[in-house]
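Remarks on the structure that follows.
The values are calculated or read from the model by the stated rules, or taken from the named source; none is laboratory data. This one's a predicted model, so the numbers in the text were calculated from it and none came from an experiment. In this analysis, Cβ positions are derived from the backbone assuming ideal geometry, glycine residues included, and neighbour counts consider all displayed protein chains.
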Amino acid sequence: MRANAQLRPRIRQDLRPDVGEYIALAGRRPWAWGEHDCTLFAAGWALSARGVDLAVGFRGSYATAEECRALLKREGGLVALVSRAAAAHGLSPTDAPGAGDVGVVRGAIEWRGRVLRPPTAAVCVGPARWALLTEARGVAIADLPVLSAWSV
């Protein structure tokens with residue numbers, strides 16, 4: 001075995017990853033619209049944890065922020081899109097999300113000197129704590145207001 005190969009983390013495909021392990025690995029990947037962005041970060045967790053792809057039908061269908069915004073507008077917004085995907089895959093809505101659940105939260109980004117709070121898909125890591133993928137900083141964990149959540 002090459003020395004380089006020994007240093008890479010190995011994940012058995014037949015085992016459900018721990019939410020912390022998933023977040024750590026996902027945080028190492030670079031942001032890519034339509035491949036690894038905030039929504040696909042949360043959808044990727046549901047795929048890893050339950051084998052359900054919440055992003056089926058739109059993964060890879062956009063490659064820029066503008067294309068993503070157009071998709072979300074056509075779909076009625078992020079909450080509506082994730083709600084339909086979650087229902088189609090048997091995920092139940094929850095008012096008390098726990099570690100490993102997915103949700104849409106009010107993120108916080110600074111843009112032109114202002115703080116904006118757009119809806120963002122995220123993974124719950126504990127009571128009221130959410131991990132989300134950001135374009136500028138990778139994974140961030142914060143207490144964020146929940147718009148909707150589903151049990152994974």
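Take the residues of segment 1-20 that are part of a helix (DSSP H, G or I) and loosely packed, with under 14 Cβ neighbours inside 10 Å: which is modelled with the highest pLDDT? Per the stated criteria, the residue is Gly20.
Tally up the residues in segment 25-54 that are of a type in the set (S, T, N, Q) and over 11 Å from the mean Cα position of the chain (by Cα), please.
Selection size over segment 25-54: 1.
Candidates in segment 141-152 are the residues that are under 24 Å from Ala85 (Cα atoms) and small (Gly, Ala, Ser); of these, the one that is surrounded by the fewest Cβ atoms within 10 Å (Cβ to Cβ) is Ser151. Checking Ala70, Ala96, Ala46 one by one, the residue that is within 20 Å of Ala131 (Cβ to Cβ) and exposed (fewer than 14 other Cβ atoms within 10 Å of the Cβ) is Ala96 and no other. Residue count for segment 80-97 satisfying the condition of being part of a helix (DSSP H, G or I), among the small types (Gly, Ala, Ser) and touching a residue at least 12 places away in the same chain (Cβ under 8 Å): 3. Right, Ala122: under 14 Å from Ala149 (Cα atoms) and crowded, with 18+ Cβ neighbours inside 10 Å or not? Answer is yes for this residue.
Pairing each residue of segment 98-109 that is on the phi < 0 side of the Ramachandran plot and of a type in the set (Val, Ile, Thr) with any residue that is in a loop (DSSP other than H, G, I, E, B) and buried (at least 24 other Cβ atoms within 10 Å of the Cβ), provided the two are 6+ apart or on different chains, yields C-beta distances under 6 Å for Val102/Val152. Specify the residue that is farthest from Asp37 (Cα to Cα); the eligible residues are those in segment 61-79 that are in a loop (DSSP other than H, G, I, E, B) and in contact with a Gly (Cβ under 9 Å, 6 or more places away or on another chain). So, considering only residues that are in a loop (DSSP other than H, G, I, E, B) and in contact with a Gly (Cβ under 9 Å, 6 or more places away or on another chain), the one farthest from Asp37 (Cα to Cα) is Ser61. So, Tyr62, is that one closer than 22 Å to Ala142 by Cβ and buried (at least 18 other Cβ atoms within 10 Å of the Cβ) or not? For Tyr62, the condition - closer than 22 Å to Ala142 by Cβ and buried (at least 18 other Cβ atoms within 10 Å of the Cβ) - is not met.
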